[in-house]
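Structure record follows, encoded as structure tokens.
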Amino acid sequence: MTHTPVNHPARPIYRAIGGLTGLYLVVFGVLGVITTLGDDLFAQDDTKVLGQGGNFALSLLSILLGALVLAGTLLGRNRDVAINQWTAYGLMALSLFELAFIQTDANIFNVTITTVIVTMLLGLVLLMVGMYGKVGSEEEQKLAHDARLLL
């Protein structure tokens, strides 16, 4: 995307924010696994983890997504940008799925409205981090800058 900034001055800060987002997902997942140990995979009860509803399946998914974001943060060099953006799209789609089925039997992740809000916010944060974390040559930076001027 030519309108995405290249070599943004605050890139290290955005990368750190991405890492913290991944860390939050891992911590939420680990605490969820500890809390729901022994429950069914898709249990629908009143389990709360960090103020959010969840079950063993959501905890495992959170660990997986958090580890993916953390791996991207450690790899860097635009792999983190792609991982953060695609994970962001997935989290936003997941939050809309959660919202659509929150009060039905299809609430397979046992979410609450708090979980929906946190999931959407995490997705939006990762999308922002992915948009401002791109690294490139000085030529790519100039092309991106010129393209933004045309808009």
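Please go through the range 123-147 and pick out each residue that is touching a residue at least 24 places away in the same chain (Cβ under 8 Å) and either hydroxyl-bearing (Ser, Thr, Tyr) or in a loop (DSSP other than H, G, I, E, B) (or both).
Passing the criteria: Tyr132, Gly133, Lys134, Val135, Gly136.
Report yes if some residue within the range 2-17 is free of Cβ contacts under 8 Å to residues at least 60 places away in the same chain, crowded, with 17+ Cβ neighbours inside 10 Å and not basic (Lys, Arg); otherwise report no. Don't jump to the end; show me each part of the working.
Going residue by residue through the range 2-17, those that are free of Cβ contacts under 8 Å to residues at least 60 places away in the same chain are 9, 12-13, 16.
Imposing the further condition that a residue be crowded, with 17+ Cβ neighbours inside 10 Å reduces the set to none.
No, that holds for no residue.
Of everything in the range 39-85 that's more than 21 Å from Gly136 (Cβ to Cβ) and polar (S, T, N, Q), which residue is surrounded by the most Cβ atoms within 10 Å (Cβ to Cβ)?
Step one: list which residues in the range 39-85 are more than 21 Å from Gly136 (Cβ to Cβ), which gives 39-71.
Imposing the further condition that a residue be polar (S, T, N, Q) reduces the set to 44, 47, 52, 55, 59, 62.
Values: Gln44: 15, Thr47: 18, Gln52: 21, Asn55: 24, Ser59: 25, Ser62: 27.
Looking at the filtered set, the residue picked out is Ser62.
Under the condition of being farther than 26 Å from Ile13 by Cα and among the small types (Gly, Ala, Ser), which residue from the range 94-135 is surrounded by the fewest Cβ atoms within 10 Å (Cβ to Cβ)?
Here the residue is Ala106.
Any idea how many residues of the range 98-122 are in a helix (DSSP H, G or I) and either more than 16 Å from Gln52 (Cα to Cα) or touching a residue at least 40 places away in the same chain (Cβ under 8 Å) (or both)? Lay out the reasoning, then the answer.
Filtering the range 98-122 for residues in a helix (DSSP H, G or I) gives 98-100, 113-122.
Subset that is either more than 16 Å from Gln52 (Cα to Cα) or touching a residue at least 40 places away in the same chain (Cβ under 8 Å) (or both): 100, 114-115, 118, 122.
The total comes to 5.
Residues of the range 34-66 being small (Gly, Ala, Ser), in a helix (DSSP H, G or I) and touching a helix residue (DSSP H, G or I) at 6+ places or on another chain (Cβ under 6 Å), which ones?
Taking the range 34-66 and keeping what is small (Gly, Ala, Ser), we get 38, 43, 51, 53-54, 57, 59, 62, 66.
After this cut, where a residue has to be in a helix (DSSP H, G or I) as well, the list is 57, 59, 62, 66.
If the condition is that a residue be small (Gly, Ala, Ser), in a helix (DSSP H, G or I) and touching a helix residue (DSSP H, G or I) at 6+ places or on another chain (Cβ under 6 Å), then Ser59, Ser62, Gly66 are the ones that fit.
Report every pair of residues separated by at least 6 positions or lying on different chains whose Cβ atoms are under 9 Å apart, first residue within the range 72-90 and more than 18 Å from Ser62 (Cα to Cα) and touching a residue at least 12 places away in the same chain (Cβ under 8 Å), second assigned to a loop (DSSP other than H, G, I, E, B) and among the aliphatic types (A, V, I, L, M).
Gly76/Val135; Arg77/Val135; Asn78/Val135; Val81/Val135
Every read-out reported here was derived from the displayed coordinates using simple, explicitly stated rules and does not represent laboratory data. Owing to the predicted nature of the structure, the values given are computational and were not obtained by experimental measurement. Glycine also receives a Cβ, built like all others from the backbone with ideal geometry; neighbour counts cover every protein chain displayed.
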